[in-house]
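Below: one structure, written as structure tokens.
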Amino acid sequence: MTADDPDPPRRMGAVRPRSADRLRVAVTDGRGRSRPAAGLSAWLSAAAPRSAVGEVAVALVGDRKMRDLNRQFRAIDKVTDVLSFPADAVPAGLRPAPTPFLGDVVIATGRAARQARAAGLSESQEWRRLALHGVLHLLGYDHEQDDGQMERLERRLRRRAGLPVD
């Protein structure tokens, strides 16, 4: 553990994989079809904290789909920029997969495009910012309850990976 990459909060039943493993990222259109995303997969794999080990699926979806997901899973009738759906922890007594699935990150492309324009970023940069934010949620970070821990880590990771920091 280093100051730049603290261990995330641990979930019950979470298994710590071998440190030699890396984060693998699949980018899809939300229906499981691979989607080109200007190097998002490689960038996220390199930018994520070392504690992010396993597989992550990033789905790039339209605003209507994101609104539907928010209604279905959060009882919120609006579009948000990113949602994270952590994978279920391995039940006690079962052997974990060699490469654990951390979960899904869903990005609303329309909302991301509007935010990118407003912030003077490219859409690719905004997708990267949102994907990193989503992965930190998959690792157990919660900016609504952690007294700024997630925000500080996210800023360090963005700076180190060459993304503008607010």
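Amide H contacts of R22: G54, each under 5 Å away and 5 or more positions distant or on a separate chain (H built 1.01 Å from N in the peptide plane; Pro and chain starts excluded).
The simple Förster model, with R0 at 35 Å and r as the Cβ-Cβ distance, assigns D166 and D88 a FRET efficiency of 0.60. Put the Cα centre of the range 23-61 next to the Cα centre of the range 106-166 and the gap is 14 Å. Applying 0.36 nm per residue to the separation of A118 and R152 and subtracting their alpha-carbon distance, the gain on full extension is 10.0 nm.
5 Å is the cut-off here: which amide hydrogens, built 1.01 Å from N in the peptide plane, fall below it relative to Y141, excluding neighbours closer than 5 in sequence? Amide H neighbours of Y141: none. Proximity of backbone amide H atoms, modeled 1.01 Å from N, is registered between T28 and R35, V58, A59, L60 at under 5 Å, excluding neighbours fewer than 5 places apart on the same chain.
Each reported figure results from applying straightforward, stated rules to the coordinates on display, with no laboratory input. None of the values given here were measured: they were computed from a predicted structure. Ideal geometry is used to build each Cβ from the backbone, glycine not excepted, and the neighbour counts take in all protein chains shown.
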